[in-house]
Amino acid sequence: KQAQETLRESEDRYRDLVENSQDLICTHDLQGNFLSVNPAAAKLLGYDRSTILKMNVRDILVPDVRDQFSSYLDTIRRDGVAKGLMLVQTAAGERRILEYNNTLRTEGVASPIVRAINRDITERRRAEQALRESEERYRTLVETSPDAIALFDLNLNVIMVNRPALTLYGYERQEEVIGKSILGYLVPEEQARAREDIRKVLETGSIGPVEYTLLKKDGIRFPAELKASSILDRQKKPSAILCVSRDITERKRAEGEKAILQEQLRQSQKIEAIGRLA
C-alpha cells in the first residue's frame, strides 16, 4: 500500500507537470496514432483533445511535408530517438514550426510508445528571419554606399570596412585593415584631436561632420569629411563606433579656385575704384 501510494503521488506530480507545461507533450504509437496530448498541444493545434486522439500525427502536418513522416517513423524505430523540426497546420489553417525531441519507450508497456516533447518556435524563427533580412538590407546599403564606412571597437581597432573604404584608402582586402588602429590612417599631428572627438562621440552619441587629413596605404595625404556615431549594446552602453568618411579633395580644390577668383575680383574692383578716384 505504501508503494502504491508513493506511485500515485509520483504519477500525480508528473501529470501535473505535463498538464501545466507550456511545451506540447504527447504520445503516439509506431503508426503515428495519437495516444495522449496535453492542453498546450490541444490549444496550439486548435482541436479538442478527444478529436486529436482520433487523429494521426500525419494529419496535423502541412500537406507538403507529410511524405516525410515515414522517414521519421523509421528513425524512431531504428534509433529510439528523433530530433528535428516539424511543420504543422492548425485547425484554423495556420502553419506553425515545432522543434521536437522524441524518444521511444519499449519497456514496461504492452506496445512501443513514442514520447514527444515539442516546442513552438514559430515566432523565434520569424524573428530570426526578420533579423536576417534586416541584416541583409543594411549589408547591401553599406556595400553600395558611395561613402567609406568603417566600424571600430572602443580600443580604436577596425572591425569592419566596406568596399568603398578599401578603395578610398588604397587597400584590396579587408584582412589588410581589420584589427589595425584607426589612428594609423590619420596624420600624426591630428591624432590627439581625433582622440578628443572620439571621447565626445562616446559621451554624446555622435559627432560631425568634421574635417581631417587622412593617409592612404602609400602615404599620400588627402582631406576628408567624417561623421561618427556610437553603437550601443543591449545595456545601452557604447560597444563600437561607426565612422563614415568622404574624400573632399575635389571640393577643397574647387573652394581654393573659388577663393582665388574672389581675390582676383576684389583686386580688379580695387584697381577700378582707384582708377575712378584718379
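Can you tell me which residue among R137, R132, R125 is basic (K, R) and touching a residue at least 24 places away in the same chain (Cβ under 8 Å)? Even if it seems obvious, please write down each step before you answer.
Numbers: R137 fails: touching a residue at least 24 places away in the same chain (Cβ under 8 Å); R132 fails: touching a residue at least 24 places away in the same chain (Cβ under 8 Å).
Being basic (K, R) and touching a residue at least 24 places away in the same chain (Cβ under 8 Å) holds for just one of R137, R132, R125, which is R125.
Just to be sure, is E107 more than 30 Å from R246 (Cα to Cα), part of a loop (DSSP other than H, G, I, E, B) and either open to solvent by 50 Å² or more (accessible area, probe 1.4 Å) or out of contact with any Leu (no Cβ under 7 Å at 6 or more places or on another chain) (or both)? Walk me through how you get there before you give the answer.
Numbers: more than 30 Å from R246 (Cα to Cα): yes; part of a loop (DSSP other than H, G, I, E, B): yes; either open to solvent by 50 Å² or more (accessible area, probe 1.4 Å) or out of contact with any Leu (no Cβ under 7 Å at 6 or more places or on another chain) (or both): yes.
Yes: the conditions hold for E107.
Of all residues in the stretch 29-49, count the ones that are of a type outside the set (V, I, T) and farther than 14 Å from A91 by Cα.
Adding up the residues that qualify gives 11.
Give A254, A228, A194 a once-over and let me know the one that is in a strand (DSSP E or B) and not acidic (D, E). Matching residue, one of A254, A228, A194: A228. Within the stretch 44-65, the set of residues being surrounded by fewer than 15 Cβ atoms within 10 Å (Cβ to Cβ) and acidic (D, E) comprises D48, D64.
Inspection of the stretch 195-208 finds a residue satisfying the criterion of being in contact with a Lys or Arg (Cβ under 6 Å, 6 or more places away or on another chain) and surrounded by 14 or more Cβ atoms within 10 Å (Cβ to Cβ).
Conditions tested, residue by residue: (1) open to solvent by less than 80 Å² (accessible area, probe 1.4 Å); (2) assigned to a loop (DSSP other than H, G, I, E, B); (3) over 30 Å from A127 (Cα atoms); (4) in contact (Cβ under 8 Å) with a residue 24 or more places away in the chain.
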{"site": "Q4", "(1), (2), (3), (4)": "no, no, yes, no"}
{"site": "S21", "(1), (2), (3), (4)": "yes, yes, no, no"}
{"site": "L30", "(1), (2), (3), (4)": "yes, yes, yes, yes"}
{"site": "A42", "(1), (2), (3), (4)": "yes, no, no, no"}
{"site": "D67", "(1), (2), (3), (4)": "no, no, no, no"}
{"site": "R78", "(1), (2), (3), (4)": "no, no, yes, no"}
{"site": "K83", "(1), (2), (3), (4)": "no, no, no, no"}
{"site": "R115", "(1), (2), (3), (4)": "no, no, no, yes"}
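Please specify each residue of the stretch 229-278 satisfying the condition of being under 30 Å from T144 (Cβ atoms), open to solvent by less than 100 Å² (accessible area, probe 1.4 Å) and of a type in the set (D, E, K, R). Result: D233, D247, R251, K252, E255.
The values are calculated or read from the model by the stated rules, or taken from the named source; none is laboratory data. Because the structure is predicted, anything quoted here is derived from the model rather than measured. Cβ atoms come from the backbone with ideal geometry, glycine included; neighbour counts cover every protein chain shown. Accessible surface areas use protein heavy atoms only, side chains included; no ligands, DNA or RNA. Shrake-Rupley method; radii C 1.70, N 1.55, O 1.52, S 1.80 Å.
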